[in-house]
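Inspection log for the structure reproduced underneath, given as structure tokens.
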Amino acid sequence: MSTVLFIPTVAVTVLLFAAVIRRLLGVRVGPARTLAAGLLAMIVTGPIMVAFAPPDRTSVTAGEAFLLILAAASVAALIAMALLVILEVLLPTGSLPGPVEIWRGARRRIARTRRYWSIVRIALRHGLGRFLRGRPAPGPNSAAARRQLARSLRAALDEGGVTFVKVGQLLSTRRDLLPAEFIDELTALQDQATPVPWDDIAAVLAAELGEPVEQVFAEIDREPLAAASVAQVHAARLHDGTDVVVKVRRPGIATVVERDLDILSRLADTLEARTSWGRSFGARGLALGFAEALREELDFTVERDNLQTMAAALASSPDRGVRVPAPYPAFSSERVLVMGRLPGTALGAAAPLLDGFDDARRERLAAGLLDSMLDQVLVHGVFHADLHPGNLLLDGGNSLGMLDLGSVGRLDAVTRNAIGRLLEAVGRGDSVAASDALLHLVDRPDHVDERELQRAIGILIVRYAAPGSTAGVAAVTALLRTFTSYGLGVPAPVAAVFRAFATLEGTLGLLRPGFDLLGQARAAGGRRIAEALAPAHLRDTLEKELVALLPVLRGMPRRLDRIGETVEHGRLRFNVRLFSDDQDRRLLTGMFHQALLTVIGAAAGVMAIMLLGSGDGPQISTGVGLFPLLGYSLLIVSVVLVLRVLVVIFRSD
């Protein structure tokens with residue numbers, strides 16, 4: 001019977017100690033640590049009570065025994081609390097994972113280590129080993145050496161797989177970060193791969209469509225039209241005779257991408273923490289943006305929605321000779337996208353067809369594509385972010401088809417307005433207005449020398465935006481370097497606009513050699529401003545503004561009358577609320593509470609020392625004086641309060 005009662009008694013005692021310790025500390029501590037502290041307090045209570053008891057235990061009364069038990073339990077709880085505080089200093093709560101997390105983390109660590117070794121072998125094979133030694137390596141000191149290093153980097157990224165190919169393609173647009181030799185080589189990266197066997201593709205289609213392939217499509221070509229590292233495309237025909245293309249994600253690619261993104265994220269964190277250049281261009285933010293874009297590209301429902309959005313945007317704009325394929329949502333999912341098949345030839349392979357066009361026709365195609373891009377950026381706020389020649393189809397007529405809308409940029413109305421004002425200012429050669437528009441586009445630091453920035457922008461306008469200038473990509477590169485030199489951060493949507501136009505320039509040059517991107521953009525911007533100031537558009541704009549201002553205008557007389565009345569009767573007051581922000585209030589309150597606890601704890605400690613040094617005082621019972629009892633009680637209070645302050649100071653958030 002005693003054994004049966006012993007276990008519940010121990011459990012209740014441990015839980016009671018744990019509840020008291022957690023309550024006295026005043027912060028949430030993990031349940032495992034709290035129960036361990038309660039168990040420790042219960043174990044040491046007995047020896048402490050034996051040490052406190054007088055030699056002749058038969059003379060101890062019931063009241064004295066109760067006081068001894070209470071004192072022993074209090075001291076035991078203090079010891080457990082002190083050990084908890086020390087443990088929080090050495091190993092804060094949450095710093096050690098649980099058993100499940102340890103197992104999962106070990107599996108991820110093993111897979112990541114294998115991938116690390118694979119990446120290291122690829123780097124060594126392509127002569128990049130000297131950059132992996134953990135110490136600065138001498139860089140190339142000539143254009144030929146930079147070209148050779150760029151070739152090695154391109155080959156290594158190409159062999160590294162889809163994630164590293166995408167990294168190279170992203171870096172090829174960052175002319176503010178890399179020399180021209182690297183940009184040229186990385187631009188040549190091709191997102192191509194060995195085709196997946198048809199049986200594996202058919203299995204993915206059957207799993208996603210919910211029925212055999214033959215029941216969905218009247219016929220489907222088992223040989224892919226194109227095979228990239230993310231997906232491959234097959235030609236097919238629906239039962240109603242409509243020609244479509246079927247885009248299928250490669251099996252297992254999501255797992256590979258997630259593993260590589262984890263490695264890139266850790267690498268970016270290390271670069272930003274340990275290198276100044278990693279902090280200057282925001283390695284962590286760049287990696288996060290890249291990971292988000294790549295995950296969207298893997299989800300074909302995003303591309304399906306982008307196709308529908310872009311089709312609606314193009315339909316509401318003037319006909320620029322640009323189209324997008326129509327998606328079939330009923331047959332599309334996260335891993336499969338079915339869309340209409342556009343006739344034509346990929347622009348990168350359409351040189352024979354373009355050679356048969358006269359200059360005027362090629363000029364119309366290029367100007368229509370640029371106008372469509374400006375409509376997407378300035379009017380609709382949804383634009384194709386990667387219009388390289390492989391993503392455009394040229395048919396035999398006067399139209400172009402846009403493909404691969406897995407990556408699109410999105411802009412809010414304020415950003416679109418700032419970009420429009422920037423184009424207008426560049427067209428007028430107004431450096432002041434251009435710098436004002438740019439400051440609305442970028443993340444500015446606490447202090448910016450706006451006069452120097454205006455001069456720098458003015459020099460760029462004179463150099464690159466003068467009539468006859470064709471240095472479009474060089475202008476973008478110079479502008480981005482100006483941002484970096486003044487500490488201006490470029491938000492991801494704005495950077496996507498710059499990258500999109502830098503990529504578009506090469507495409508426009510293929511359509512029409514010598515096409516003046518900046519000149520045509522200035523002219524297109526001027527046309528849009530003229531259209532906005534036309535009587536019909538101006539009237540619509542004024543009507544919209546008046547409708548927005550009408551509620552304010554209606555309430556204005558009443559508010560003015562109220563202000564005049566308060567001034568007349570001398571009741572005008574200004575109410576300034578200090579610490580109206582919740583974070584400010586919590587900060588001030590927390591600091592005040594910690595200071596108050598420190599003062600009270602110190603005062604209780606001083607009083608305890610004085611009482612313990614003042615003799616026994618009045619006797620409560622035999623051997624128990626009032627002053628020692630009060631002194632030890634105040635000492636316990638002092639230690640508890642000091643421990644509460646220390647656990648907050650040393651505990652990591």
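Just so it is clear, none of the values below were taken in a lab; they were calculated from the coordinates. These numbers were taken from a predicted model, which means no experiment stands behind them. Cβ sites come from the backbone with ideal geometry, for glycine too, and all protein chains shown count toward neighbours.
Tell me, in nm to one decimal, what length is gained between Ala346 and Arg112 on full extension, where the rule is 0.36 nm per residue of separation less the Cα-Cα distance? Numbers along the way, then the final one.
Working: separation 234, 0.36 × 234 = 84.24 nm, distance 3.80 nm.
Contour length minus the Cα-Cα distance gives 80.4 nm.
Given points 7 Å out from each Cα along the Cα-Cβ axis, report the Phe592 to Val120 separation in nanometres with one decimal.
Distance between label points: 5.7 nm.
List the relative contact order of segment 585-650 as a percent without decimals, with contacts defined as Cα pairs under 8 Å and 6+ residues apart.
Details: 62 pairs, mean separation 25.2, N = 66.
Across segment 585-650, relative contact order equals 38 percent.
Would you mind calculating the gained length between Arg416 and Arg364 on full extension (0.36 nm times residue separation, minus the Cα-Cα distance), in nm to one decimal? Each step should come with its number before you reach the end.
Details: separation 52, 0.36 × 52 = 18.72 nm, distance 2.53 nm.
This chain segment gains 16.2 nm when fully extended.
Quick one: length gained pulling Ile43 to Asp584 fully straight, 0.36 nm per residue minus the C-alpha distance?
On the way: separation 541, 0.36 × 541 = 194.76 nm, distance 4.40 nm.
Going from the current span to full extension adds 190.4 nm.
Label points 7 Å out from Cα along the Cβ direction at Leu83 and Thr9: separation in nm?
The two pseudo-label positions are separated by 2.2 nm.
With an 8 Å cut-off on Cα pairs and a minimum separation of 6 or more residues, tell me the relative contact order of segment 232-346 in percent. Let's see the in-between values first.
On the way: 120 pairs, mean separation 31.5, N = 115.
Rounded, it is 27 percent for segment 232-346.
Viscosity 0.692 mPa s, temperature 37 °C: give me the Stokes-Einstein translational D for segment 342-533 in µm²/s, with Rh taken as the Kirkwood radius over C-alpha pairs. Provide the component values of the computation, followed by the final result.
Values: Rh = 17.4 Å.
Translational D for this selection: 189 µm²/s.
Sequence-distant or interchain residues sharing an amide H contact under 5 Å with Thr345, placed H: which?
Long-range HN contacts for Thr345: Leu394, Asp395.
Could you tell me the calculated FRET efficiency between Ala315 and Gln148, based on Cβ-Cβ distance and R0 = 56 angstrom, to the nearest 0.05? Each step should come with its number before you reach the end.
Details: r = 49 Å, r/R0 = 0.88.
Approximately 0.70, to the nearest 0.05.
Which value, in debye to the nearest 20, describes the size of the charge dipole of segment 342-533 about its Cα centre when Lys and Arg Cβ atoms bear +1, Asp and Glu Cβ atoms bear -1, and nothing else is charged? Don't skip to the answer; put the middle values down first.
On the way: 17 positive and 21 negative charges, 42 e Å.
Once rounded to the nearest 20, the dipole reads 200 debye.
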